[in-house]
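Below is one structure; the comments refer to it alone.
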Amino acid sequence: MLKKDKDLKSFYFLSIPIIILTGIASFGGIFIQGLYRDPHEVLVQAIVQDIVTLFILFPIFVISLIYSHKGSLKGTIVWLGCLGYTLYTYILYTAMAAFNVFFLIYVAIYSLSLFTFIGALLYNIQFFFIN
C-alpha cells in the first residue's frame, strides 16, 4: 500500500457527485421513455451505454475509489480509468445527443470528470514517477 498526500482527497471528494450524477443519468436513460429523441441507431447506442454505465462502471467506480483511497496502485489506476470513461462518455452526451432534461446533469458530469481526471492524473504522475 502506498501512502499518499492528503491533497488527493479533494479529487476523491469530487468523485462522489460524479458517481451519484452518473447513476441518476444512466438510470433515467434506461427507464425514462422518450428521454432520447435521437435516430433509432443513436437511441439504441445511448441506452446500451447507459446499461453499461449503470451496471458495470458504477460498481467498479465505487470499489476503485475505495481502494485508491486506501493507497492501492491498482485501485488508483482503475479509478483514473473510470474518470476517463465518464469524461469520454459525457462529452459525447453533451455534444452529440439531442437536448433533453438531463443536459445540465451531463454538463456537470463532464465538467467534474474533466477537472478531477486531469488533477488526479497530474498528482499521480508526480507521486509515482517524480518523487
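Quick notes on this structure:
- In the range 49-65, residue farthest from Tyr93 (Cα to Cα) [restricted to those that are surrounded by fewer than 18 Cβ atoms within 10 Å (Cβ to Cβ) and of a type in the set (Val, Ile, Thr)]: Ile63
- Pair list, Cβ under 6 Å, 6 or more apart: the range 109-131 residue more than 15 Å from Val78 (Cβ to Cβ), other residue surrounded by fewer than 13 Cβ atoms within 10 Å (Cβ to Cβ) and modelled with pLDDT under 95: none
- Members of the range 75-118 found to be within 14 Å of the chain's Cα centre (by Cα) and of a type in the set (Gly, Ala, Ser), listed by number: Gly81, Gly84, Ala108, Ser111, Ser113
- Scanning the range 11-36 for residues that are surrounded by fewer than 20 Cβ atoms within 10 Å (Cβ to Cβ) and of a type in the set (S, T, N, Q) yields a count of 1.
- The residue list Phe128, Phe117, Phe99, Phe61 contains one member that is touching a helix residue (DSSP H, G or I) at 6+ places or on another chain (Cβ under 8 Å) and at pLDDT below 95, which is Phe128.
- Within the range 82-126, being touching an Asp or Glu at 6+ places or on another chain (Cβ under 8 Å) and either among the polar types (S, T, N, Q) or surrounded by fewer than 18 Cβ atoms within 10 Å (Cβ to Cβ) (or both) holds for Ala98, Tyr123.
- When Ser72 is tested against (1) surrounded by 14 or more Cβ atoms within 10 Å (Cβ to Cβ); (2) more than 12 Å from the chain's Cα centre (by Cα); (3) within 13 Å of Ser26 (Cα to Cα), exactly one condition is not met: (3).
The values are calculated or read from the model by the stated rules, or taken from the named source; none is laboratory data. Remember, predicted model here, so these are calculated numbers, not experimental data. All Cβ positions, even for glycine, are placed from backbone atoms using ideal geometry, and neighbour counts span all protein chains on display.
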